[in-house]
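The values are calculated or read from the model by the stated rules, or taken from the named source; none is laboratory data. Not measured: the values here are computed from a predicted model. Glycine also receives a Cβ, built like all others from the backbone with ideal geometry; neighbour counts cover every protein chain displayed.
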Amino acid sequence: MAAWSALLVAHSRVTAVLDRELRQRIGMTLDDYDVLYQLRVAGAPIRMATLAERVLVSRPTASRAVDRLVANGWIRRWHDEQDRRVVLLELTDEGRRQQSRAGRVHVDGIARLVGAPLVDRDVAALTDSLRALAAGAEEETGRNRTSSPG
């Protein structure tokens, strides 16, 4: 339980600082940055449903972030011509610029808050351990989706 508690506390504190820095320096939240980053990595328009699977927040939080980013002119949103139920998203030129600006702030924060404190630690072992946790949870998620009730 000590490892779990330490992981939760570290995540909470680090993400709070990263969010505060993005708000103060760029005028966006960490959730906004996550959405912009995922759209940048996609490199082409993607479905809202695909974005919601990729971001690290809930679907309602992702939808609210997209609404804000569309209002800011940083994301373009439209319905697919062949299937009007499908919502597509892509970065605008201004969204690309804002994501780049925020990315520099974000990477600097990660280097300071994560990299620097771990400089004399076994980062490879920590990385492997965290990947194992993520993989185990992914397996459970997959099992829960395919198992039938009763």
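A few remarks follow.
- Matching residues in region 70-88 - criterion: being within 14 Å of M48 (Cα to Cα) and in contact with a helix residue (DSSP H, G or I) (Cβ under 6 Å, 6 or more places away or on another chain): I75, R77, V87
- Test: residue in region 129-136 that is in contact (Cβ under 8 Å) with a residue 40 or more places away in the chain and within 25 Å of A65 (Cα to Cα): no
- Subset of region 65-103 [of a type in the set (G, A, S) and within 18 Å of the chain's Cα centre (by Cα)]: A65, G95, S100, A102, G103
- Residue match in region 28-42 (condition: free of Cβ contacts under 8 Å to residues at least 40 places away in the same chain, in a loop (DSSP other than H, G, I, E, B) and surrounded by fewer than 15 Cβ atoms within 10 Å (Cβ to Cβ)): no
- Count of region 95-133 residues, restricted to those that are in contact with a helix residue (DSSP H, G or I) (Cβ under 9 Å, 6 or more places away or on another chain) and not in a helix (DSSP H, G or I), is 1.
- Looking across A3, A52, A44, A62, one residue alone is modelled with pLDDT under 95, within 30 Å of E138 (Cα to Cα) and more than 16 Å from the chain's Cα centre (by Cα). It is A3.
- Counting only residues that are closer than 18 Å to Y33 by Cβ and either not β-branched (V, I, T) or not in a loop (DSSP other than H, G, I, E, B) (or both), region 78-94 holds 5 of them.
- Number of positions in region 82-115 that are exposed (fewer than 14 other Cβ atoms within 10 Å of the Cβ), of a type in the set (A, V, I, L, M) and within 14 Å of R25 (Cβ to Cβ): 1
- Pairs linking a residue in region 103-118 that is without any contact (Cβ under 8 Å) to a residue 24 or more places away in the chain to a residue that is exposed (fewer than 13 other Cβ atoms within 10 Å of the Cβ) and in a helix (DSSP H, G or I), with Cβ atoms under 6 Å and 6 or more positions apart or on different chains, do not occur.
- Subset of region 47-81 [under 19 Å from Q98 (Cα atoms), among the aliphatic types (A, V, I, L, M) and surrounded by 15 or more Cβ atoms within 10 Å (Cβ to Cβ)]: L51, V55, A62, A65, V66, L69, V70, I75
- Residue in region 45-53 that is assigned to a helix (DSSP H, G or I) and touching a residue at least 40 places away in the same chain (Cβ under 8 Å) present: yes
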